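The values are calculated or read from the model by the stated rules, or taken from the named source; none is laboratory data. Since the model is a prediction, treat every value here as computed from it, not as a measurement. A quick note on method: Cβ atoms are made from the backbone with ideal geometry, for glycine too, and the neighbour counts reach across all protein chains shown.
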Amino acid sequence: MKNQLFIDGEYVDATSGQMFDVVDPSDRSVFHRVARGGAADVDRAVQAARRAFDSGPWPRMSGTERAKVLRRMGDLIAKRTDELARIEVQDNGKPLPEAVWDIEDTAGVFHFYADLAEGLDGAETPVELGMEGFTSKAVKEPVGVAGAIIPWNFPLLMASWKVAPALAAGCCMVLKPSETTPVSALELGEIANQAGLPAGVLNIITGFGAEAGQPLTEHVGVDKLAFTGSVPTGSRIMATAARDIKTVSLELGGKSPLVVFADTPIEEAVEWIMFGIFWNQGEVCSATSRVLIEEAAYDAVMARLVEEAQKIKIGHGLEDGVLLGPLVSPSQHEKVLEWIEIGKTEARLVTGGGVPEGLEAGCYVQPTIFADVPEDARIWTEEIFGPVVCVRSFKTEEEAIRLANDSRFGLGAAVMSKDLERAERVARAFRAGIVWINCSQPTFTQAPWGGYKQSGIGRELGIWGLNNYLETKQITTWN
Ligand code: NAD
């Protein structure tokens, strides 16, 4: 496992010489120490990226040539799936099969953007001016040096959502992984070198938000900021970016609703409610943490949901059959337990509500369900980011839509009904960027990802993700 910063194609110590601890949340032990990057390191990294962008080969290569490097990066990641997945288990806590998905997806993201890079070659859009003597076209060019700041819930996958499209576009990048899960992203440096990525195109600075993240957002050498994380940090980054008019894309928090109509078979409803909130320990920005069940089905669905939630195997991510690992860190553990205590004063706890017996040494939390949650309860309106779901009933479609949309967030939303016309109607009425019908959470590299309202600005993934890293230029000629 790497422990140094990756700047200009080389692993180097932090200027300060300092390191910080990385904790395994299954037993709170320190399993690794990595370089504690600061403003001086960010400056070195941005300068390297600037040189690579202003005079290096990467932005000047054809998309087809860049695609070869991206494809090799994807292949190298895929080859190391088991090793990288085990790093994620130790660093983040997630169960191994879920970590394997993450890494397979990460490799897929590099392959997908390799294909899109090829599509950039020769791409230009003729522009009809309606003025004799003039012709015009629009072309796409890389935005420049991008600064990427990511969270801890899908460490390497979140890195790939930014690194792969940025590199495909011809940008150079400084990536700052979360201080909570910095280990897997550092491996990307070696992978980039092995794949033949020119020095300086990708730089990785591990460190804390205030010490490494903030200087990256403030650096005048950065043209674009891509951030995934919490609303308060996103808001701060936007304010900082305003000073130099940097472009920003923000993927922020959520409190996503799942609306279940009574014509949904109980098993299907329960399956997706569970996956929607317990997958990845509920540490998912789009988790459907508010569940609305039509009154006629409420008791039956709740009874089965509680039964199934109590069967979930909780334990170490490497143990067979485990579906719920520890939360990512002692501080996240504490935060989620505090929310549960607040919930106990606001709603009816029907299962879970604490630390599972025998697992007190790690950051474990029981799958927790609150029923009959009032719409003004804090657990109904605020993001908890753990395996805690709030459930209430509704009487009419209009009421369900009103309750679903009554949130400052607008990331995900889901609806379940066998009446597909109604499901489509509700899907369109949701004020959210990612809407699922008869499922919750499946995520595809091809489809746009991002939120309405305070859940963010812009879209990642698909062609939209590539466009984040492209400028549009008009070239107009007087003939
Ligand atoms: P966070 O905002 O605390 O931290 C995210 C990143 O920002 C970290 O790398 C951190 O070091 C950095 N950071 C902190 N302060 C900074 C500053 N002042 N300047 C620059 N960088 C700074 O969020 P988190 O706790 O790591 O992640 C959880 C949050 O992320 C949740 O709200 C979740 O919903 C959101 N999230 C959103 C998506 C999405 O796609 N919309 C995906 C995953 C997570």
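Structure notes:
- Restricting 322, 350, 391 to those that are assigned to a loop (DSSP other than H, G, I, E, B), among the hydrophobic types (A, V, I, L, M, F, W, C) and either modelled with pLDDT of 95 or more or not assigned by the TED database to the domain that holds residue 24 (or both) reduces the list to 322.
- Qualifying residue in the range 439-453 (condition: away from the ligand (no atom under 16 Å from the Cβ), within 21 Å of the chain's Cα centre (by Cα) and among the hydrophobic types (A, V, I, L, M, F, W, C)): yes
- Condition broken by residue 218, with the remaining ones in (1) touching a helix residue (DSSP H, G or I) at 6+ places or on another chain (Cβ under 7 Å); (2) crowded, with 24+ Cβ neighbours inside 10 Å satisfied: (2)
- Residue among 247, 288, 217 that is under 30 Å from residue 51 (Cα atoms), within 15 Å of the ligand (Cβ to nearest atom) and touching a residue at least 24 places away in the same chain (Cβ under 8 Å): 217
- Residue match in the range 301-311 (condition: assigned to a helix (DSSP H, G or I), over 25 Å from residue 406 (Cα atoms) and in contact with a Gly (Cβ under 8 Å, 6 or more places away or on another chain)): yes
- Which listed residue, of 253, 200, 207, 276, is in contact (Cβ under 8 Å) with a residue 24 or more places away in the chain and assigned to a helix (DSSP H, G or I): 276
- Residue satisfying condition, being surrounded by fewer than 24 Cβ atoms within 10 Å (Cβ to Cβ), of a type in the set (Ser, Thr, Tyr), at pLDDT 95 or above and within 14 Å of the ligand (Cβ to nearest atom), within set 206, 180: 180
- Filter result (touching a residue at least 24 places away in the same chain (Cβ under 8 Å), under 21 Å from residue 329 (Cβ atoms) and among the aliphatic types (A, V, I, L, M)) within the range 346-378: 359, 361, 365
- Some residue of the range 455-477 being out of contact with any Phe, Trp or Tyr (no Cβ under 8 Å at 6 or more places or on another chain), in a strand (DSSP E or B) and within 16 Å of the ligand (Cβ to nearest atom): yes
- Every pair of residues 6+ apart whose Cβ atoms lie under 8 Å, when the first sits in the range 448-461 and is farther than 17 Å from residue 160 by Cα and polar (S, T, N, Q) while the second is within 10 Å of the ligand (Cβ to nearest atom) and assigned to a strand (DSSP E or B): 454/409; 455/251; 455/409
- Across the range 394-410, the number of residues qualifying as assigned to a loop (DSSP other than H, G, I, E, B) and either touching a Ser or Thr at 6+ places or on another chain (Cβ under 8 Å) or within 16 Å of the ligand (Cβ to nearest atom) (or both) comes to 2.
- Beta carbons closer than 6 Å, at least 6 apart along the sequence or on distinct chains, pair a first residue in the range 227-242 that is in a helix (DSSP H, G or I) with a second that is near the ligand (Cβ under 7 Å from one of its atoms) for 231/252; 231/253; 234/227; 234/252; 237/217; 237/227; 240/217.
- Out of 100, 42, 69, sole residue that is in contact with a strand residue (DSSP E or B) (Cβ under 8 Å, 6 or more places away or on another chain) and surrounded by 17 or more Cβ atoms within 10 Å (Cβ to Cβ): 42
- Single match in 359, 420, 403 (criterion: outside the structural domain of residue 26 (by the TED database) and under 30 Å from residue 30 (Cβ atoms)): 359
- Residues being in contact with a helix residue (DSSP H, G or I) (Cβ under 9 Å, 6 or more places away or on another chain), of a type outside the set (D, E, K, R) and in a helix (DSSP H, G or I) are represented in the range 360-379 by at least one member.
- Taken together, the criteria place residue 472 among residues that are under 30 Å from residue 223 (Cβ atoms), surrounded by fewer than 15 Cβ atoms within 10 Å (Cβ to Cβ) and touching a residue at least 12 places away in the same chain (Cβ under 8 Å).
- In summary, residue 230 fulfils each of the numbered conditions (1) within 10 Å of the ligand (Cβ to nearest atom); (2) buried (at least 21 other Cβ atoms within 10 Å of the Cβ); (3) under 18 Å from the mean Cα position of the chain (by Cα) with the single exception of condition (2).
- In this structure, residue 185 does not qualify as in a helix (DSSP H, G or I), more than 9 Å from the ligand (Cβ to nearest atom), surrounded by 24 or more Cβ atoms within 10 Å (Cβ to Cβ) and more than 21 Å from the chain's Cα centre (by Cα).
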